[in-house]
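Right, one structure below, let's go through it.
The values are calculated or read from the model by the stated rules, or taken from the named source; none is laboratory data. None of these values were measured; they are calculated from a predicted model. Methodologically, a virtual Cβ is constructed for each residue, glycine included, from the backbone with ideal geometry; neighbour enumeration extends over all protein chains shown. Calculation scope for accessible area: heavy atoms of the full protein, side chains included, ligands and nucleic acids excluded. Shrake-Rupley method; radii C 1.70, N 1.55, O 1.52, S 1.80 Å.
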Amino acid sequence: MDLPPSRPSAFPAIVAESLAMRRAVEHARRFAPLDIPVLLVGATGTGKEVLAQAIHQWSGRTGALVDVDCGALPPGMITSELFGHRRGSFTSAVDSVPGLIEGANGGTLFLDELASLPAEGQRGLLRVLETGEMRRVGEQTKRRLSLRLVAAVQETDGGRGPERTLREDLYQRLAGGVIYLPPLRERPEDLGVLAVRFAHGRGIEEAALKLLERHDWPGNVRELRNVMARATLLQERDPLSVATLAEAIDVGRLTGGRPDMPAPDAMAPLARARQALEILCLQHGGQADRISEDLGISPSTLYRRLRVLGIRLKGFSGRARKLRILNGGENSLRIIENFHRPATDETGNLLSLLSDRADEARARRL
């Protein structure tokens, strides 16, 4: 298919400078006004939800876009959640309630992680696609629907096809409009634009951009967004440096921000740093000036480290000296009344592990 020159997508959330993404957007534009289901195939974090929103907007449908995470539907209540129920149809049905599918009548139903939908849900969804009708649990009357279905699935390990835990007949009903969303590593032309957007327009050093280009982005656009948000907290002045970006990427690894999460022993230094800082926060009642004075750092540096470690000072103000720590794989709540505060240099050393690991990461990449 011949593609037009690069142009604004008319949907600001989409960045499509790369050929691979432009192809996906062009397919979405062509499918949007047609009365066919659309299946979005791509790895996690590639933007399937954003493209579903664009398809809904471009379709011209006046009803709502109903977003359903199929993996989060409560077991045993899936049919009721999707199709609704009549009052008295089961013990807790005190009122008649429309389902999620009915709520999308006149609009678009977006089913994310469709392959997570159990067999009963897939079977009912297939009937809706084949007949254009549905029935609430406990009712005999069928209801006519006019909705557009957009579904999203993960790609298979071996290629660009969808994961085949779907019923074959359901997949065939959805396969009329299949759109593949490329991983971020296949979109080098989009990377810089996205990075600046996620950094809210802040400057980025050329060497830092090169570092981003060399990263493999297993978490795709979602990982990039988190890295840039982390970087803007770590560094106040422009442009964002290669050291800051290396640290932001590495902290993401330590906190589980990517699929290939390190072994537990690699997580230990960060856990110890968090625990040591929490103890100081508890002792000083969450007072930033006293904590930063103890550590020998400025309050602004303290706040950046707190954000990176996910600690909020407000939670320590006027609170009993309690600390939830990880012990032997089990969460235990310990009351710390007369504890010995870690030595300042020990706590500072633990916090500096963040920077040390950033230096190691930078050395590996440069």
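Checking the structure you have, find out if any residue of region 40-62 is part of a loop (DSSP other than H, G, I, E, B) and free of Cβ contacts under 8 Å to residues at least 60 places away in the same chain.
yes
Output the residue which, of all residues in region 201-238 that are basic (Lys, Arg), open to solvent by 60 Å² or more (accessible area, probe 1.4 Å) and more than 15 Å from Val15 (Cβ to Cβ), is nearest to the chain's Cα centre (by Cα).
Filtering region 201-238 for residues that are basic (Lys, Arg), open to solvent by 60 Å² or more (accessible area, probe 1.4 Å) and more than 15 Å from Val15 (Cβ to Cβ), the one nearest to the chain's Cα centre (by Cα) comes out as Arg214.
Could you please find all residues in region 105-116 being in contact with a strand residue (DSSP E or B) (Cβ under 7 Å, 6 or more places away or on another chain) and either among the hydroxyl-bearing types (Ser, Thr, Tyr) or part of a loop (DSSP other than H, G, I, E, B) (or both)?
Across region 105-116, the qualifying residues are Gly107, Thr108, Glu113.
Val128 passes all but one of (1) touching a helix residue (DSSP H, G or I) at 6+ places or on another chain (Cβ under 7 Å); (2) open to solvent by less than 30 Å² (accessible area, probe 1.4 Å); (3) more than 19 Å from Leu34 (Cβ to Cβ); which number fails?
For Val128, the failing item is (3).
Among the residues of region 27-39, write down those that are open to solvent by less than 50 Å² (accessible area, probe 1.4 Å) and not in a helix (DSSP H, G or I).
Ala32, Pro37, Val38, Leu39
Looking only at region 267-284, filter to residues that are touching a helix residue (DSSP H, G or I) at 6+ places or on another chain (Cβ under 7 Å) and over 26 Å from Glu236 (Cβ atoms); which one of those is modelled with the lowest pLDDT?
Met267
Take Glu102 and decide whether it is part of a helix (DSSP H, G or I), farther than 24 Å from Ala24 by Cα, at pLDDT below 90 and out of contact with any Cys (no Cβ under 8 Å at 6 or more places or on another chain).
Answer is no for this residue.
From the list Gly76, Gly71, pick out the single residue that is of a type outside the set (Ser, Thr, Tyr) and in a loop (DSSP other than H, G, I, E, B).
Gly76
When region 173-202 is examined, which residues are found to be farther than 18 Å from Glu26 by Cα and part of a loop (DSSP other than H, G, I, E, B)?
Those that are farther than 18 Å from Glu26 by Cα and part of a loop (DSSP other than H, G, I, E, B): Ala199, His200, Gly201, Arg202.
Out of (1) touching a helix residue (DSSP H, G or I) at 6+ places or on another chain (Cβ under 7 Å); (2) under 30 Å from Pro33 (Cβ atoms), what's the single condition that is false for Gln172?
Single failed check for Gln172: (1).
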